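Notes follow once the structure below has been shown.
The values are calculated or read from the model by the stated rules, or taken from the named source; none is laboratory data. Because the structure is a prediction, the values reported are computed rather than measured. Neighbour counts are summed over all protein chains in view; Cβ atoms, including those assigned to glycine, are modelled from backbone coordinates with ideal geometry. Surface areas here come from the heavy atoms of the whole protein model, side chains and all, with no ligands, DNA or RNA. Shrake-Rupley method; radii C 1.70, N 1.55, O 1.52, S 1.80 Å.
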Protein chains: 2
Amino acid sequence: MKLASLKAGRDGHLAVVSKDLTRMVVVPDIACTLQQALDNWKDKAPKLQKKYERLNSEGLPAAEAFDVSRCTAPLPRAYQWLDGSAYVNHVELVRKARGAEMPESFWTDPLMYQGGSDQLLGPQDDIPLSNEEWGIDFEAEVVVVTNDVPMGICPNKADKHIVLFGLVNDVSLRNLIPGELGKGFGFMQSKPASSFSPVFVTPDELGDQLQEGMIQSRLFVHRNGDLFGRPDCATDMTFNFPKLVAHAARTRHLAAGTIIGSGTVSNCDHGVGSCCIAERRMLEIIEEGEAKTPFMDFGEQVRIEMFDREGQSIFGAIDQQFVHYAC
Amino acid sequence: MKLASLKAGRDGHLAVVSKDLTRMVVVPDIACTLQQALDNWKDKAPKLQKKYERLNSEGLPAAEAFDVSRCTAPLPRAYQWLDGSAYVNHVELVRKARGAEMPESFWTDPLMYQGGSDQLLGPQDDIPLSNEEWGIDFEAEVVVVTNDVPMGICPNKADKHIVLFGLVNDVSLRNLIPGELGKGFGFMQSKPASSFSPVFVTPDELGDQLQEGMIQSRLFVHRNGDLFGRPDCATDMTFNFPKLVAHAARTRHLAAGTIIGSGTVSNCDHGVGSCCIAERRMLEIIEEGEAKTPFMDFGEQVRIEMFDREGQSIFGAIDQQFVHYAC
């Protein structure tokens, strides 16, 4: 099934959305918010699924048109957002561009940081920032949402705790990153609010595109209408989602509604383009001696989307612009 | 006023607690949970305050005895937990012990990391961990809770967004930290769930002990009943809480219920002891050539508490033990 949250209050109103993303129905009789559903997933999921099936078979006359502009993030505020860096190819590239060796352990021990989750943006929300000089970048990624995950779980058991998939635009302020990394405490000011796809979907929606904890599908990224990248998400993904979940849960339980990201999707085949500006700039530095592609200015727009084998948008599109915020 | 959350479901039941921490009353008529109150603080705070005044003047016959063992964290799960490192003295010491210089900028630009907030422990909860070899340590700190904070706020305006104060035991796994810091993505596996004081209190409860955004009071830390440290929280605090809030909000809004920590409280006067084992070990290395104080074993206990000028416990005590968790 496919689930969205309509803008309303701090947590939105949970809606079930049809497979073709044309119709929807709010479900306060089942759960008012997605977090409420996740808190009691075992009980709520079958009820939501039943509603979804009726919606798809046109059995719900009360259904409304699905309007992405009404969507907030499926979880407008979450208790946890952890972002991995599963495409080690991308990490190696970033290091290579600055002349640094990548430790061998990066191929076996995932990179992951704790992100801010108190305010997550909707797919068409403007991204407000107060300074273009910060080096504004998008990062297109796949995310999963878990139910309650026990501490110390092993990867082969983590799989069944993944209940939803979605997309994220993990906004990064590139010029603030070196200073923060130098301090050793990870990202904070360099990672403002992230934005999410209109809908999150259950694993069954991915059909046979979901293979070994990865989605075999291209992630399409457009900048101001121009194709920027279209890497395949299952290619060159060193750590699949169950491995990322297990890494996150090594020393603690994870609460229901935890969001875990793949990190910027990236393929070794550079012909498919990139999912963030920084990677393209790294390639330019390596190939041409200097970075040429500029970071985002206010008014510029990014679109992130993925399709199933029939060409149907799976999650709907993240399609938003960066705007000036006056402090 | 003083507020606690009694164990119930995922978010607890909000209770108003008497100033002397002997009586309490749940307040579902005002707000079921602390997060609900924080979401509408302007409306809820005066109502909670009125209830608090009646409770203190014995005007609430329905009040129950306040039993700390029934407490979960005041926010059993929060949307954001950011931990600063405001006692730069402590940071310098840690670096000195490993022979590293501290950058001069650390005196003007706060260190802060994004912590996990999906599951926060109560004051008497056992701390479950699966391996003693991880180098288990406590860290005694002061925290504040904010209401909604706008992006880019300046420190002198951040003050009024601090609505609650409390204490935290920010558990750290010392032997996992070097590996994680080496990866550059900050703490994650090395920072399991944190534990919080029985009550959070409004700024007025601190009276004239709250000076310039800092609490002028000693934080008492006991390990297995033995005094381990009693530094003054306003001494050697390089960044006060309004400065920490402003730092956190530089590139993003902060949602109501954001928790921000001071980092391990630490005084230059080493005679007052330490608020974490790592600091004592650093002092031992510097003074005696080697660390002698061991990290925590399962079954060991830590107590963290602060008192007002009359000797009354302000927040109640964090008093808990580390236990073995079998994966």
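Using a 7 Å offset from Cα along the direction of the beta-carbon, what are the separations from B:E133 to the same position in each other copy, nm, ascending?
Values, ascending and in nm: 5.0.
Past the 19 Å Cα-Cα mark, which pairs from B:K51/B:K160; B:K42/B:K157; B:K2/B:K47; B:K96/B:K243; B:K44/B:K160; A:K157/B:K191?
Over 19 Å Cα-Cα: B:K51/B:K160; B:K96/B:K243; A:K157/B:K191.
Summing +1 for each Lys or Arg and -1 for each Asp or Glu, what net charge is found among the other residues whose Cβ lies under 15 Å from the Cβ of B:K7?
-2
Of all DSSP beta bridges in the protein assembly as shown, what percent run antiparallel (nearest 5)?
Counting DSSP beta bridges with both partners in the protein assembly as shown, the antiparallel share is about 90 percent.
Once the Cβ-Cβ distance between B:E53 and A:Q211 is put in as r, and R0 is 45 Å, what FRET efficiency do you end up with, to the nearest 0.05?
0.15
Identify the GluC sites (Glu not before Pro) of segment B:55-99 meeting these criteria: DSSP loop state and at most 12 other C-beta atoms within 10 Å of the C-beta.
On the way: sites: B:E58, B:E64, B:E92; in loops: B:E58.
Listed in order of number, the matching sites are B:E58.
So what is the relative contact order of chain A, in percent, for Cα pairs below 8 Å that sit 6 or more residues apart?
Working: 806 pairs, mean separation 75.4, N = 327.
This gives 23 percent for chain A.
Extending each Cα 7 Å along its Cβ direction at A:S105 and B:D226, get the distance between those two points in nm, one decimal.
3.2
Just how large is the dipole of chain A about the Cα centre, in debye to the nearest 20, putting +1 at every Lys and Arg Cβ and -1 at every Asp and Glu Cβ?
960
Give the nm distances, rounded to one decimal, from A:G59 to the matching residue in every other copy, measuring between label points 7 Å along Cα toward the beta carbon; shortest first.
5.7
Give me the inter-chain shielding for B:244-256: mean count of other chain Cβ atoms within 10 Å, whole number please.
That works out to 5 on average.
How large is the charge dipole for segment B:243-327, taken about the Cα centre, if only the Cβ atoms of Lys, Arg (+1) and Asp, Glu (-1) carry charge, to the nearest 20 debye?
600
Could you calculate the FRET efficiency of A:E310 with A:N175 from 1/(1 + (r/R0)^6), where r is the beta carbon distance between them and R0 is 51 Å, rounded to 0.05?
About 0.75, to the nearest 0.05.
Spelling out what I want: for every residue of segment A:259-276, take phi, set θ = phi - 60°, compute 6.51 cos²θ - 1.76 cosθ + 1.60 (Karplus), and round to whole Hz; glycine and proline get x.
With coefficients 6.51, -1.76 and 1.60, one gets 9, 10, x, 7, x, 3, 5, 7, 10, 5, 6, 6, x, 8, x, 10, 9, 8 Hz.
Tell me what chain A gives for mean residue ellipticity at 222 nm when only DSSP H runs of n ≥ 4 count, each as -39,500 (n - 2.57), the sum divided by the residue total, rounded to 500 deg cm²/dmol.
Taken over chain A, the calculation gives -5500 deg cm²/dmol.
What number comes out for accessible area per residue over the protein assembly as shown if the probe is 1.4 Å? Units Å², please.
36
Could you please state how large a percent of the accessible area of the protein assembly as shown is carbon and sulfur, counting protein chains only and using a 1.4 Å probe?
Details: 11400 of 23430 Å².
Result for the protein assembly as shown: 49 percent of the exposed heavy-atom area is carbon or sulfur.
Consider just the alpha-carbon atoms of segment B:246-308 and return their Rg together with their Dmax, both in angstrom.
16.7, 46
Over the alpha carbons of segment B:80-324, what is the largest minus smallest coordinate on each principal axis, giving the biggest first in Å?
45, 40, 35
Using only Cα atoms, locate the centre of segment B:261-327 and the centre of segment B:1-63, then give the distance between them in Å, rounded to an integer.
Value for the Cα centre distance between the two parts: 30 Å.
Over the Cα atoms of the protein assembly as shown, what Rg and Dmax result, in angstrom?
Reported Rg and Dmax, both Å: 24.5, 78.
Report Rg/Rh for segment A:2-70, rounded to two decimals, where Rg is the Cα radius of gyration and Rh the Kirkwood radius.
Numbers: Rg = 11.2 Å, Rh = 11.9 Å.
In segment A:2-70, Rg relative to Rh is 0.94.
Once the cut-off is 17 Å, how many percent of the Cα-Cα pairs in segment B:219-327 end up in the long-distance tail?
Tail of the P(r) past 17 Å holds 66 percent of the pairs.
Using only protein heavy atoms and a 1.4 angstrom probe, determine the accessible area buried between A and B, summed over both sides, in Å² to the nearest 100.
Between A and B, the summed buried area is about 5100 Å².
Using a 7 Å offset from the Cα along the Cα-to-Cβ direction at both A:Q321 and B:S69, what is the distance between the two label points in nm, to one decimal?
Using points 7 Å along Cα→Cβ, the separation is 6.2 nm.
Tell me the net charge near A:D208. Cut-off is 14 Å between Cβ atoms, A:D208 excluded, with +1 for each Lys or Arg and -1 for each Asp or Glu. Don't jump to the answer; show the numbers that get you there.
Details: positive: A:R309; negative: A:D204, A:E205, A:E212, A:D308, A:E310.
That works out to -4.
Take the Cα pairs of segment A:115-155, get the Kirkwood Rh, then feed it into Stokes-Einstein at 20 °C and 1.002 mPa s and tell me D in µm²/s.
So the translational diffusion coefficient is about 150 µm²/s.
How far is A:K47 from itself in the other copies, in nm, if each label sits 7 Å out from Cα along the Cα-Cβ line, shortest first?
2.6
Given a Förster distance of 22 Å, report the FRET efficiency between B:N40 and B:D204 from their Cβ-Cβ distance, rounded to the nearest 0.05.
The pair B:N40/B:D204 has a calculated efficiency of 0.65.
How large is Rg over Rh for segment A:45-153, taking Rg from the Cα atoms and Rh as the Kirkwood inverse mean of 1/r across Cα pairs?
Expressed as Rg/Rh, it is 1.07.
If you count, for every residue in B:109-115, the Cβ atoms of partner chains within 10 Å of its Cβ, what is the mean? Walk me through the numbers before you get to the answer.
On the way: counts 4, 3, 5, 6, 9, 12, 1.
Mean inter-chain Cβ contacts per residue within 10 Å come to 6.
On the rotation axis linking copies B and A, which residue of B comes nearest by its Cβ, and by how many whole Å?
B:G186, 1
What is the ratio of the Cα radius of gyration of segment B:157-240 to 2.2 N^0.38 Å, where N is its residue count, to two decimals?
Compared with the compact-globule rule of thumb, segment B:157-240 sits at 1.34.
If I require 15 Å or longer along the helix axis, counting alpha carbons, and a Kyte-Doolittle average no lower than -1.0, what helices from chain A are left? Use full DSSP H segments.
On the way: long enough: A:41-56 (22 Å, -2.02); A:277-288 (16 Å, -0.17).
Helices meeting the criterion: A:277-288.
To check you understand DSSP bridge types, tell me what percent of the beta bridges within chain B (both residues inside) are antiparallel, rounded to 5. Can you show the working numbers first?
Details: 53 of 60 bridges.
Around 90 percent of the beta bridges assigned by DSSP in chain B are antiparallel ones.
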